[in-house]
Amino acid sequence: MAGIVRFVLLTFMLFVFAFVPKCYAETQPVSLSTLVTVQNVPFEQCTKVFNIDAENLFYLTMASINANRFKIVEIQSKTGYILFNAVNKEFLASVVKLDSKTSLLRVTPTNNVYYFQPGIVLNLFRYIELNNQLRPVQIKTNL
């Protein structure tokens, strides 16, 4: 059973990485220097509510971290968190179920120092917004 779950998860991630374009559409005019300059980021900018159930948001968050070429250090699917490294800094992405159709994603630095590039968090959120219609699909195998 665990092998099938891994297979489905890997297939979903492969689908997302192979068929989803790597470019991001700008929703607001933000200069590139604002996204990559190290600055104090308010906590409110690190949390966002999505109209996606918690399980799908968890998978989309993993895909977003991977698509942004950040290194995943640890995944805990039962508690809904992902530990990852981005630009020599460690972050914790936590998915919280609000109700059956909405979830909250919180991406915070593990050392509680909010002095980093805001593009790290904004690009994760943007990827999820652009791909929120994708859902993991179970593939039938003859095992």
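The values are calculated or read from the model by the stated rules, or taken from the named source; none is laboratory data. Since the model is a prediction, treat every value here as computed from it, not as a measurement. Glycine also receives a Cβ, built like all others from the backbone with ideal geometry; neighbour counts cover every protein chain displayed.
Looking only at segment 106-137, count every residue that is hydroxyl-bearing (Ser, Thr, Tyr) and not in a loop (DSSP other than H, G, I, E, B) and tell me the total.
Residues of segment 106-137 hydroxyl-bearing (Ser, Thr, Tyr): 108, 110, 114-115, 127.
Next, only the ones that are not in a loop (DSSP other than H, G, I, E, B) stay: 108, 115, 127.
Residues meeting the conditions: 3.
Taking segment 40-79 as the range and being among the polar types (S, T, N, Q) and within 12 Å of Val121 (Cβ to Cβ) as the test, the residues that pass are Gln45, Thr47, Thr61, Ser64, Asn68. Give segment 83-104 a look and list any residue that's under 10 Å from the mean Cα position of the chain (by Cα) and in contact (Cβ under 8 Å) with a residue 24 or more places away in the chain, or say none. Within segment 83-104, Ala93, Val95 meet the criteria. In the set Leu83, Leu35, only one residue is at pLDDT below 60 and either over 19 Å from Asn131 (Cβ atoms) or surrounded by fewer than 17 Cβ atoms within 10 Å (Cβ to Cβ) (or both); that residue is Leu35. For first residues located in segment 46-69 and part of a strand (DSSP E or B), partners that are among the acidic types (Asp, Glu) and surrounded by fewer than 21 Cβ atoms within 10 Å (Cβ to Cβ) and lie 6+ apart or on another chain with Cβ distances below 9 Å form the pairs Lys48/Glu129; Phe50/Glu129.
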